[in-house]
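Data first, discussion second: the structure below is written as structure tokens.
The values are calculated or read from the model by the stated rules, or taken from the named source; none is laboratory data. Note that this is a predicted model, so its numbers are computed, not measured. So basically every Cβ, Gly included, is an ideal-geometry build from the backbone, and we count neighbours across all protein chains shown. Each accessible area value is taken on the protein alone, full model and side chains, heavy atoms only, with ligands, DNA and RNA left out. Shrake-Rupley method; radii C 1.70, N 1.55, O 1.52, S 1.80 Å.
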Amino acid sequence: MSIPFSNTTQRIPRGFANLLEGLAREVLRNQPPDIPSFAAKYFENLLIEREKTGFDPTEWGAKLEDRYYNNRAFNELAPPGGKSQAEEKTEESAQSEVAETSGTTEENGVKLTEEQAALKIQASFRGYKTRKEINCPKEAIAEKEEPTEPDKKEPEQAQ
Amino acid sequence: MPVPDVMFCAQQIHVPPELPNIMKQFTKAAIRTQPRDVLQWSYGYFSALANGEPLPVKERVEMPVATQKNDSGLTPGLLKVLHKQLAKKETVALKELQIKWKNLCLPVEQLHDLLRLDNFDDGVAWMKFFALACSALGGSLVSSMKHACEILTEDPEGGAARVPYDTFAFLYSYLAGLDEEIPQEKTESFLAALKEQVARKEDMVGVADFSVKRMD
């Protein structure tokens, strides 16, 4: 038997995140006294619903995950229809009529995602900065206080 | 001041103190077990947890082995889980077995195929069913017994996988009895020879005791 040396086969089952999220939300919403039995009932209801309507939350969650992590592949593969058409129309009105090929839409798509990414990075960095600023004064005060106290005490002891 | 009904901020949500741990253990179990149908398995997990039964969780990750005939069917790890859940009683109600089987995302057809091999009308004798399941895991009698030993043993994994002689003799004679090609005298002589062999080993049969013997 071969020795497994890579952890690539150890994955979270497909769509598991969605189930876990739903469970946590329902537990927080209902505040049941006995969480395991509540969870059992919750999953039983989901199973019954799946048998009735064919709606599988794990399958749905797996699709969402796929879309979330492989967004770029979806954008590139998407044929010039649906959303990209709407984008094209706005572009056409704004830009010249010549820019109609799929190449420009692709470029725009990349630009849009870059912009969004930049916005996200900036937002998170600003959050980090302000949090640091809020935390800093406390630390600074605490640091200031600590050295002053022993300073005062030491001369007293010496006297 | 009464607590307002309206939610203003996240701090108003009361998180039960045991919830994080439950979810952590649940996730770890899911990663370790890798159930095929997560929803069905989750239901099984929590109903077992609520009733204080052994959980449908593999002890460790099972790598998909290339020699495995079909990836959807019974595996040694899953059979071990079933054994852990059902072995407390000598006979198991058919319905209970069906529920446990389903919650491990195992195909129902396989269960019916196994049950057809013997008469289980009034309750399933667990050790007999276990022997049949082992025979489904391994093609030959020796390899079935090897699987049985590896699951039943209390030795650490990768060890000698020893089981008490009585257990071994019961499983072996049951499986050999079902196989019409093996004459009864042969089974008896094999077991007698084995008993002599393991008499000085505290009556424990290890995998090496019978699999090596065959090769001689």
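Would you point out the residue of the range B:48-67, among those that are within 20 Å of B:GLY138 (Cβ to Cβ) and surrounded by 14 or more Cβ atoms within 10 Å (Cβ to Cβ), that is modelled with the highest pLDDT?
This residue is B:LYS58.
Among the residues of the range B:32-40, is there at least one that is basic (Lys, Arg) and assigned to a helix (DSSP H, G or I)?
yes
Test each condition in (1) open to solvent by less than 40 Å² (accessible area, probe 1.4 Å); (2) not assigned by TED's automatic domain parsing to the domain that holds B:THR27; (3) not basic (Lys, Arg) for B:GLU150 and report the one that comes out false.
That leaves (1) as the condition not met.
Could you tell me whether any residue of the range A:36-47 is facing chain B (nearest Cβ under 7 Å) and more than 29 Å from B:GLN12 (Cβ to Cβ)?
Among the residues of the range A:36-47, at least one is facing chain B (nearest Cβ under 7 Å) and more than 29 Å from B:GLN12 (Cβ to Cβ), which makes the answer yes.
Conditions tested, residue by residue: (1) more than 27 Å from B:PHE46 (Cβ to Cβ); (2) surrounded by fewer than 17 Cβ atoms within 10 Å (Cβ to Cβ); (3) charged (D, E, K, R).
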| site | (1), (2), (3) |
| --- | --- |
| B:LEU86 | no, no, no |
| B:VAL92 | no, no, no |
| B:LEU97 | no, no, no |
| B:LEU104 | no, no, no |
| B:GLU109 | no, yes, yes |
| B:ASP118 | yes, yes, yes |
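When the residues of the range B:46-61 are filtered to those that are more than 8 Å from every other protein chain (Cβ to nearest Cβ) and not in a loop (DSSP other than H, G, I, E, B), which remaining residue is farthest from A:LEU47 (Cα to Cα)?
B:ASN51
Among all residue pairs at least 6 apart or on different chains, which show Cβ distances below 7 Å where the first residue, located in the range B:144-156, is part of a loop (DSSP other than H, G, I, E, B) and the second is of a type in the set (A, V, I, L, M, F, W, C)?
B:THR153/B:ALA161; B:THR153/B:VAL163; B:ASP155/B:ALA161
Which residue pairs have Cβ atoms closer than 6 Å, lie 6 or more positions apart in sequence or on different chains, and pair a first residue in the range B:12-35 that is at the interface with chain A (Cβ under 7 Å from one of its Cβ atoms) with a second residue that is open to solvent by 20 Å² or more (accessible area, probe 1.4 Å)?
Pairs that qualify, where the first residue is at the interface with chain A (Cβ under 7 Å from one of its Cβ atoms) and the partner is open to solvent by 20 Å² or more (accessible area, probe 1.4 Å), are B:ILE13/A:LEU28; B:ILE31/A:ILE12.
Are there any pairs, at least 6 apart or on different chains, whose C-beta atoms fall under 9 Å, with the first in the range A:51-65 and more than 12 Å from B:LEU39 (Cα to Cα) and the second open to solvent by 90 Å² or more (accessible area, probe 1.4 Å), and if so, which?
From the range A:51-65, the pairs are A:ALA62/A:ARG14; A:GLU65/A:ARG14.
Specify the residue that is nearest to B:ILE22 (Cα to Cα); the eligible residues are those in the range A:48-68 that are of a type in the set (Val, Ile, Thr) and more than 9 Å from every other protein chain (Cβ to nearest Cβ).
Among residues in the range A:48-68 that are of a type in the set (Val, Ile, Thr) and more than 9 Å from every other protein chain (Cβ to nearest Cβ), the one nearest to B:ILE22 (Cα to Cα) is A:ILE48.
Among the numbered conditions (1) more than 20 Å from B:GLY139 (Cα to Cα); (2) modelled with pLDDT under 80, tell me where B:ASP118 comes up short.
If we test B:ASP118 against (1) more than 20 Å from B:GLY139 (Cα to Cα); (2) modelled with pLDDT under 80, just (1) comes out false.
Among the candidates B:SER144, B:SER135, which residue alone is of a type in the set (Ser, Thr, Tyr) and open to solvent by less than 20 Å² (accessible area, probe 1.4 Å)? Full working, then the answer.
On the way: B:SER135 fails: open to solvent by less than 20 Å² (accessible area, probe 1.4 Å).
Answer to the check: B:SER144.
Could you grab me the full set of residues in the range A:13-28 that are facing chain B (nearest Cβ under 9 Å), free of Cβ contacts under 8 Å to residues at least 12 places away in the same chain and surrounded by fewer than 18 Cβ atoms within 10 Å (Cβ to Cβ)?
A:ALA24, A:LEU28
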